[in-house]
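The values are calculated or read from the model by the stated rules, or taken from the named source; none is laboratory data. Everything numeric in this text was worked out from a predicted model, so none of it was measured. Neighbour counts run over all protein chains shown; Cβ positions are idealised from the backbone, glycine included. For the accessible areas, the whole protein counts, side chains as well, though only heavy atoms, and no ligand, DNA or RNA atoms are used. Shrake-Rupley method; radii C 1.70, N 1.55, O 1.52, S 1.80 Å.
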2 protein chains.
Amino acid sequence: MTVEAGCILANIQAAADEVDALFPLSLASEGSCQIGGNLSTNAGGTAVLRYGNTRDLVLGIEAVLPDGRVLNDLGGLRKNNTGFDLKHLFIGAEGTLGIITAAVIKLFPKPTARATALVACTGPDPALALYARMRGQTADTLSTFEYIDRLGLQMVIDHAPGCSDPMAETHPAYCLIELTGNGAQADLDARLEAALEAAYEAEEIIDAVIGASEAQKDALWALRENLSEAQKPEGASIKHDVSVPVSRVADFIREATQACMEHMPGLRPCPFGHFGDGNLHFNLSRPVDMADADFLAEYSTFNRIVHDIVHQMGGSFSAEHGIGTFKRAELRRYKDPVALELMEQIKAVLDPGQLMNPGKVL
Amino acid sequence: MTVEAGCILANIQAAADEVDALFPLSLASEGSCQIGGNLSTNAGGTAVLRYGNTRDLVLGIEAVLPDGRVLNDLGGLRKNNTGFDLKHLFIGAEGTLGIITAAVIKLFPKPTARATALVACTGPDPALALYARMRGQTADTLSTFEYIDRLGLQMVIDHAPGCSDPMAETHPAYCLIELTGNGAQADLDARLEAALEAAYEAEEIIDAVIGASEAQKDALWALRENLSEAQKPEGASIKHDVSVPVSRVADFIREATQACMEHMPGLRPCPFGHFGDGNLHFNLSRPVDMADADFLAEYSTFNRIVHDIVHQMGGSFSAEHGIGTFKRAELRRYKDPVALELMEQIKAVLDPGQLMNPGKVL
C-alpha cells in the first residue's frame, strides 16, 4: 500500500483491514500519530516480536532532501539489489537527513485466530525460560510476549477504570502472551494450553488465565495497555527505554532493580514491556513519601546507573524511542565512536547546511 | 549467532540445526559461498518469501572501513534506535564502502512439518491468482512459490539425472509450492489440500502432485533446483534477474515473452524463479538451430528489451544478483538519478581514495 507521510496510523490499519489484510504496526498513539513520524523514528510497538520494527514493514520511500531533490523509491519491489539501500538511511534518522514524504508499506495476511493468556511467575528468570519455551513450542505464531511487574499491575488495578486482577492471589511478575494464526481457533488454543501446561510442570509459571472470549482477551490486553498511564497518579517517574540481547533480559531486570534500590531505598521500580524483543521500559516511580521535584533531581543519576548496566551488556539506551534532543548526551557517551563518526560524515555530506531538524540526534 | 565473514553458509545452517534452530538463507551455492559475500550482496534465494532477504536476517555487523577504522555493531540487539542504521548501508554494497568481517544473524524456530506440491496451470495469469489465494488461505505458512515454465521443466526432465515429469500430461506452466510450519504435519497437509481444491474449482490449476513422502517432496524440489544447470546443454542463454511488483509479475512474463519472440522467432524463453517475490530469472535459450556466438551477439539487445519492460513496470533490472562490473551500465541507465547521486556522495565521503572493490557498482 502506498501512503503519504501525513496518514494517521489508525487509518492505514483500517484501510488494510478493508481489503482483509493486516498492517501490523501498532502503538498506543496510533489514533493520532502519522506514518511519516513512525518511519522517521523507526517506531516499535507491540507487534515487533512477530513482524519487526517499522523499517521491516517498508518496501520503499519517497524523501525530500535538504537541497530540494526528491528521492523516489516507491516501486513497491520486494527485491532490488541495485546499489546501496538508501531507504534504511532515512528510516530512523529522525528527519535529520531529509523528510520522508511517502512510503510503500507491506501488508500481511490478517490472522483469523488469537489465543491470549496472562501468566504469573516468580520473576524475570522463569519468564525468560518461559519465553524460550514459547518460542520453541509455538514458533511463528508467538506474536506477543510482554512483561509486567507486580507493582505495575497493581497500579493498573488501582487507577485504570474497569481493570481488575484476573487472579485470586498476587504474584511477583506476569507475562502477557498472545499467539496469532490463520488456522482454526481450536488449534491455536490447544497449542497455547499445551505450552502453558508444560511450563507449569517445569515450574516456569505459577498461575495462568486464558482469555476465553474476545472480551476477556481484550481485558487482559487492557492490563498492559494501561500501564504507562496508571503510573502517573503514583507521582513522578524516571523512565528508561532500553534493550539488551534477549538472553540477558532477566539479568538486566535483576541487576538494574538492585542497583537502583541501593541508590534510593523505597524506590518503586516498575519494569515492563517488550520482553521478547529484549526491550524494557524500565520506569522508576518515586518513593511514596518523596516530593516529585526531589525525585526528579535524581534523573541523570538513575540514567547513569541504568544505562551503564545496559552498556555493559552490549545493550542500547534507546531501543525504540530514538534520540531527539533529550538523549543527545547519552548518544555521545555510549555510541560506538566509529558509528558516531560515520553518522557525522553522512550528515555533513547530505545536509551540509544543517537545515534538517537542527538540534536533534547529532 | 555470531559468525565471521569466512563461514561457509552450509556450516552456519548446520550449526543452527544443531541447536534445533533454522538459519533460513538458502542458495544453490550454499556449500561453498561465505556469509560475508551473502551479506555484501544481500543474497536472496528460495526462502525470501517467508524470511526475507539476507539483510532481514541480520541483527548487526562488524565492518572494516577504508581507513582502517572498525565499525562494531555486534551487540545482537533486536531493537536499537540510536541514530542512523549503518549496517544496512554496508549490506548489499558489494564491498564498495568497507569489508564486512563478522555479523550477528537471526535464528528462527525450525519448522517441524512441510507440505509440498507441484501444480500445473495454463500460464502466468492463473499462477498469479493462485499465489493470491495461497497467500490468503495459507498465510505465513507459505514459504515457497516458484514458477517454472514448461520449457524449463522439459529441459530438467531431459538433462537432469533422476528427474522425470511427475504428471501424465504436459502443461504450459507449473508452480512449486511449499508450506512450512511448527504444528502437526496432518494440519499442514490439510491446509495445502484445501487450498489446492479451491484453486482447482476456480480453474487456477489444472493438475497437482502433492509430495506424499520426504523423498517425493525432495524430488519435486529437484525439478526446481536443476533448472539453471539443465539449460546449459541446450546451448547459450541470455539471462535476466529482474523484479516487478508482485501484482505485475504475470504481465511481465507475458509482455517480455512476446517482445523477445518478436525480436527473434524461434527463441526459447524460459522464465522461472521466485514468483512470490516478484523476482524472475527470465532466461532466454537460443533457437535450436542458431550458433551460440550469433545468439550471444544479441545479449545487449535482449537486455534492453527486457529491462525496458521491467523499468516501465517500476521494476528492477537486478533483483538479487547485484551490480558487480557486469551491470554498471544498466545502473547508470535505469537507477533513479537522485539515488545514484546519493550513492556517489556516500561513496566519496566513506572511501575518498576509491580503495574498496574498485570498478564495482559505481
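For this structure, a couple of remarks:
- Count of residues meeting criterion [more than 9 Å from chain A (Cβ to nearest Cβ) and either in contact with a His (Cβ under 7 Å, 6 or more places away or on another chain) or closer than 15 Å to A:Lys79 by Cβ (or both)] in region B:308-349: 1
- The listed residues are A:Cys260, A:Cys175, and the only one of them that is part of a strand (DSSP E or B) and either assigned by TED's automatic domain parsing to the domain that holds A:Arg50 or open to solvent by less than 10 Å² (accessible area, probe 1.4 Å) (or both) turns out to be A:Cys175.
Condition check ((1) within 13 Å of chain A (Cβ to nearest Cβ); (2) open to solvent by 30 Å² or more (accessible area, probe 1.4 Å); (3) more than 22 Å from the chain's Cα centre (by Cα); (4) more than 18 Å from B:Glu62 (Cβ to Cβ)) across all residues:
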site	(1), (2), (3), (4)
B:Gly83	yes, no, yes, no
B:Phe90	yes, no, no, no
B:Ala117	no, no, no, yes
B:Ala120	no, no, no, yes
B:Gly123	no, no, no, yes
B:Ala129	no, yes, no, yes
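- Of the helices (runs of 4 or more DSSP H) lying entirely inside region A:267-342, the ones with 2 or more residues being in contact (Cβ under 8 Å) with a residue 24 or more places away in the chain and open to solvent by less than 10 Å² (accessible area, probe 1.4 Å) are found at A:299-312.
- Some residue of region A:37-47 being free of Cβ contacts under 8 Å to residues at least 12 places away in the same chain, buried (at least 19 other Cβ atoms within 10 Å of the Cβ), small (Gly, Ala, Ser) and not assigned by TED's automatic domain parsing to the domain that holds A:Lys327: no
- Only one entry in A:Glu193, A:Glu204 is surrounded by fewer than 19 Cβ atoms within 10 Å (Cβ to Cβ) and either charged (D, E, K, R) or under 26 Å from A:Thr301 (Cβ atoms) (or both), namely A:Glu193.
- For region B:11-36, a residue qualifies if it is in a helix (DSSP H, G or I) and either touching a residue at least 24 places away in the same chain (Cβ under 8 Å) or open to solvent by less than 30 Å² (accessible area, probe 1.4 Å) (or both), and the qualifying residues are B:Ile12, B:Ala16, B:Asp17, B:Ile35, B:Gly36.
- Per the listing A:Pro126, A:Pro166, the residue uniquely farther than 20 Å from B:Gly183 by Cβ and assigned to a helix (DSSP H, G or I) is A:Pro126.
- Residue identified as within 14 Å of the chain's Cα centre (by Cα) and at pLDDT below 95 among A:Glu229, A:Glu225: A:Glu225
- Test: B:Asp308 is closer than 25 Å to B:Leu362 by Cβ and touching a Ser or Thr at 6+ places or on another chain (Cβ under 8 Å): no
- Restricting region B:236-252 to residues that are open to solvent by 10 Å² or more (accessible area, probe 1.4 Å) and closer than 24 Å to B:Ala129 by Cα, the residue that is nearest to the other protein chains (Cβ to nearest Cβ): B:Pro245
- First in region A:350-362 and within 14 Å of chain B (Cβ to nearest Cβ), second anywhere and surrounded by fewer than 16 Cβ atoms within 10 Å (Cβ to Cβ) and in a loop (DSSP other than H, G, I, E, B), Cβ under 8 Å, 6 or more apart: A:Lys360/A:Gly324; A:Lys360/A:Thr325; A:Val361/A:Gly324
- Taken as a whole, the condition of being of a type in the set (Gly, Ala, Ser), in the same structural domain as B:Ala256 (by TED's automatic domain parsing) and touching a strand residue (DSSP E or B) at 6+ places or on another chain (Cβ under 8 Å) applies to B:Ser316.
- When B:Ile157, B:Ile148 are screened for being more than 30 Å from A:Ala195 (Cα to Cα), β-branched (Val, Ile, Thr) and in contact with a Ser or Thr (Cβ under 8 Å, 6 or more places away or on another chain), only B:Ile157 passes.
- Boolean, B:Ala139 is open to solvent by less than 10 Å² (accessible area, probe 1.4 Å), in contact with a Gly (Cβ under 9 Å, 6 or more places away or on another chain), of a type in the set (A, V, I, L, M, F, W, C) and under 28 Å from A:Val246 (Cβ atoms): yes
- Within region A:343-362, considering residues that are of a type in the set (D, E, K, R) and either touching a Gly at 6+ places or on another chain (Cβ under 6 Å) or part of a loop (DSSP other than H, G, I, E, B) (or both), the one farthest from A:Gly273 (Cα to Cα): A:Asp351
- Just one of (1) touching a helix residue (DSSP H, G or I) at 6+ places or on another chain (Cβ under 8 Å); (2) at positive phi; (3) not aliphatic (A, V, I, L, M) fails for A:Arg268. It is (2).
- Here A:Tyr51 passes the criteria (1) crowded, with 17+ Cβ neighbours inside 10 Å; (2) farther than 28 Å from A:Glu229 by Cα; (3) among the hydroxyl-bearing types (Ser, Thr, Tyr) except the one numbered (2).
- Scan region A:161-180 for residues that are farther than 20 Å from A:Gly266 by Cα and under 21 Å from the mean Cα position of the chain (by Cα) and the total you get is 7.
- Among the residues listed as A:Leu59, A:Leu71, the single one being part of a strand (DSSP E or B), more than 19 Å from A:Glu146 (Cα to Cα) and open to solvent by 20 Å² or more (accessible area, probe 1.4 Å): A:Leu59
- Verdict on B:Asn53 being modelled with pLDDT of 95 or more, at positive phi and at the interface with chain A (Cβ under 9 Å from one of its Cβ atoms): no
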